[in-house]
1. With the checklist (1) more than 17 Å from the chain's Cα centre (by Cα); (2) in a strand (DSSP E or B); (3) closer than 30 Å to Leu68 by Cα in hand, flag the one item Asn189 doesn't pass.
2. Name every residue in region 478-495 that is assigned to a loop (DSSP other than H, G, I, E, B) and acidic (Asp, Glu), in order of residue number.
3. Can you say whether Gln430 is open to solvent by 30 Å² or more (accessible area, probe 1.4 Å) and part of a strand (DSSP E or B), as far as the supplied structure shows?
4. Could you list, in sequence order, the residues of region 123-137 that are under 18 Å from the mean Cα position of the chain (by Cα) and surrounded by fewer than 17 Cβ atoms within 10 Å (Cβ to Cβ)?
5. Cβ contacts < 7 Å: first residue within 14 Å of Asp93 (Cα to Cα) and modelled with pLDDT under 75, restricted to region 36-65; second residue open to solvent by less than 20 Å² (accessible area, probe 1.4 Å) and not in a loop (DSSP other than H, G, I, E, B), any location; separation 6+ or different chain. Result?
6. Modelled with pLDDT of 90 or more and either open to solvent by 40 Å² or more (accessible area, probe 1.4 Å) or out of contact with any helix residue (DSSP H, G or I) (no Cβ under 7 Å at 6 or more places or on another chain) (or both): does that describe Thr296?
7. Name the residues in region 331-346 that are over 26 Å from the mean Cα position of the chain (by Cα) and open to solvent by less than 40 Å² (accessible area, probe 1.4 Å), would you?
8. Do we have Ala27 as open to solvent by less than 80 Å² (accessible area, probe 1.4 Å) and at pLDDT 70 or above here?
Amino acid sequence: MSQCVTLRTLTGLLLLISALAALPVQAELSVTRGSQAATATPESNATPEWIYTVRPGEHFAEIADALLSKDIPAIRLLQHNGIDNPAKVGSGDNLRIPLAWLQRQPNPARVNSVTGSVQLISGSDGTKRPLTSDSLIRVGDEIRSQAGTATIELADGSVVRISPHSRLAFNRLTQYGKSGMVDTRLRLNQGEIETQVKPVIEGGSRFEIETPSAVAAVRGTMFTLRTAPGMTDLRVTEGEVSFGPPGQTRRIPAGYSASVSTAGVGRMSIRRLPPAPEINPLPQQLKQLPAQLSWTPNGANSHRVDIFDAESGRWINSNEVSDNDFDINLLDNGRYEIHLAAIDNRGMAGMPGVMSFEVDLQARTAALEQPEPGATVNDDMPEFRWQLRGENEVARVEIAEDKDFGNTIATSEWAPDESALPSRPLTPGQYYWRVVTEAGGNSVATSEARSLVVNGTLPPVRIISVNYVDSQVRVFWQKVDTATDYRLQLSEEPGFNNIIKEATLSDTTAALRLIPGRRYFVRLKALSDGPLESRWGPGRELFLE
């Protein structure tokens with residue numbers, strides 16, 4: 001009798017356990033567009049699911065088409081949710097979708113910015129090429145930075161900043177359809193990266209970085225990972241990271257660093273990061289550079305200063321300084337964010353102090369010095385001099401044939417100098433010159449224009465060809481670059497002592513009506529706006545039969 005009771009009791013317990021296992025998992029987290037992800041606790045074997053909340057105006061068929069893998073028929077989703085008629089699915093209803101049923105497709109990362117020398121190695125054919133902004137990074141590709149840096153944005157908006165002398169491989173870049181979930185797996189073979197990972201959706205999303213000695217799995221955080229032979233170091237400044245040798249990870253919270261060494265099996269050390277330095281206030285808007293950033297001494301021997309573009313996240317530069325101040329310089333106009341951190345005795349940066357500021361430099365008009373207005377020079381490469389009146393400015397000289405600078409014929413290079421030579425020799429003639437100054441990359445000021453005459457003579461005009469049509473002769477001649485007009489003379493003898501026709505022309509061709517059977521001679525000279533004119537070119541005989 002007792003054996004029967006025991007058997008019935010055991011059978012009941014088994015049925016109860018089976019029933020409990022069949023119940024839907026209750027743990028839910030908010031995800032994209034009001035939908036939710038449900039995941040089993042580590043002790044449960046339930047299939048991970050994503051719960052999608054139907055929006056107003058949506059129909060079941062379009063939801064299934066947008067979210068389900070092509071090999072999963074829509075009817076299976078109805079059956080999984082115990083729905084016998086798709087018309088019953090309405091706004092606000094929840095649909096449970098197993099993660100394995102969702103569409104998956106590769107989604108490349110994009111390069112936000114590159115500074116210095118960085119190389120992209122293709123995962124498809126192994127070709128190497130320089131990494132450039134807006135390049136796409138696909139599965140299997142590897143980035144190798146020499147002295148340069150790069151900022152990469154992943155499909156979900158997460159950002160990876162690659163330090164100099166690093167190697168980062170992109171092993172998986174997968175997106176689960178339109179669910180907002182991603183599966184990103186990277187391998188840092190050498191060097192250092194800094195990441196800002198978007199919060200991932202429990203149960204579906206995955207963001208993991210592997211090194212030769214450790215693995216870091218994250219769910220929305222900011223951290224730095226660096227690896228060298230025999231060692232991997234982690235620094236967490238926001239959120240937490242599961243970190244350690246494969247299969248032996250521990251959760252490292254913000255404010256701590258951890259190191260894994262291959263010298264011993266599973267050997268990991270955890271330390272508190274140095275606190276964020278106390279930064280002395282800066283003006284919110286910097287009107288001139290350089291500006292000095294300073295902070296309260298905190299006992300650290302050195303500090304790391306990183307400057308980022310506040311809009312794009314682009315890594316502008318990184319510096320290690322031994323003093324308690326740093327000169328901010330050579331920045332274009334825009335908004336920036338500075339991260340300042342003390343460096344511990346292992347070379348790991350601590351918690352960052354963060355400060356935002358804006359650079360708003362205004363260019364000022366340069367004061368022209370030499371040549372004087374209306375000056376005459378005998379040099380075809382004259383020196384131009386001016387005086388800069390602003391801070392952090394660059395300038396160049398511009399030279400044109402007209403005072404409106406509609407045709408700029410020469411310039412100099414942009415430089416912080418106060419003198420320059422033209423980019424090419426100037427042929428004799430009259431010119432106009434001015435100096436353009438620039439500050440902050442987008443603020444420009446232009447000086448007044450001055451006239452200048454380059455001494456000499458214009459080159460003689462050479463007749464190219466002569467065409468005869470009926471009683472008309474058309475003459476063509478070579479263009480002189482600095483000429484504004486041409487003087488034509490027609491004579492009946494080669495010495496041009498008796499001119500029978502003279503005209504000023506702006507074109508490089510002229511039509512002449514001649515008396516048949518007579519011999520004529522034609523010649524030309526170039527004229528300019530200034531006092532210069534050319535010698536007469538060689539005469540050309542004309543004869544109309």
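The values are calculated or read from the model by the stated rules, or taken from the named source; none is laboratory data. Worth saying up front: this structure is predicted, and the values here are computed from it rather than measured. All Cβ positions, glycine included, derive from the backbone under ideal geometry; neighbour counts span all protein chains shown. Please note that ligands, DNA and RNA were not included when accessible areas were found on the heavy atoms of the full protein model with its side chains. Shrake-Rupley method; radii C 1.70, N 1.55, O 1.52, S 1.80 Å.
1. Exception for Asn189: condition (3).
2. Residues of region 478-495 that are assigned to a loop (DSSP other than H, G, I, E, B), as a first pass: 478-484, 492-495.
Of everything in region 478-495, those that are assigned to a loop (DSSP other than H, G, I, E, B) and acidic (Asp, Glu) turn out to be Asp481, Glu492, Glu493.
3. Details: open to solvent by 30 Å² or more (accessible area, probe 1.4 Å): yes; part of a strand (DSSP E or B): yes.
Spelling it out, Gln430 is indeed open to solvent by 30 Å² or more (accessible area, probe 1.4 Å) and part of a strand (DSSP E or B).
4. Taking region 123-137 as the starting set, the residues that turn out to be under 18 Å from the mean Cα position of the chain (by Cα) are 129-137.
Once the filter is applied, which keeps residues that are under 18 Å from the mean Cα position of the chain (by Cα) and surrounded by fewer than 17 Cβ atoms within 10 Å (Cβ to Cβ), region 123-137 yields Arg129, Pro130, Thr132, Ser133, Asp134, Leu136.
5. Cβ pairs passing all conditions: Gln36/Ile51.
6. Values: modelled with pLDDT of 90 or more: yes; either open to solvent by 40 Å² or more (accessible area, probe 1.4 Å) or out of contact with any helix residue (DSSP H, G or I) (no Cβ under 7 Å at 6 or more places or on another chain) (or both): yes.
So Thr296 passes the test.
7. The first filter runs over region 331-346 and keeps only residues over 26 Å from the mean Cα position of the chain (by Cα), leaving 342-346.
Those that are over 26 Å from the mean Cα position of the chain (by Cα) and open to solvent by less than 40 Å² (accessible area, probe 1.4 Å): Ala342, Ile343, Asp344.
8. Working: open to solvent by less than 80 Å² (accessible area, probe 1.4 Å): yes; at pLDDT 70 or above: no.
When the stated conditions are applied, Ala27 does not pass them.
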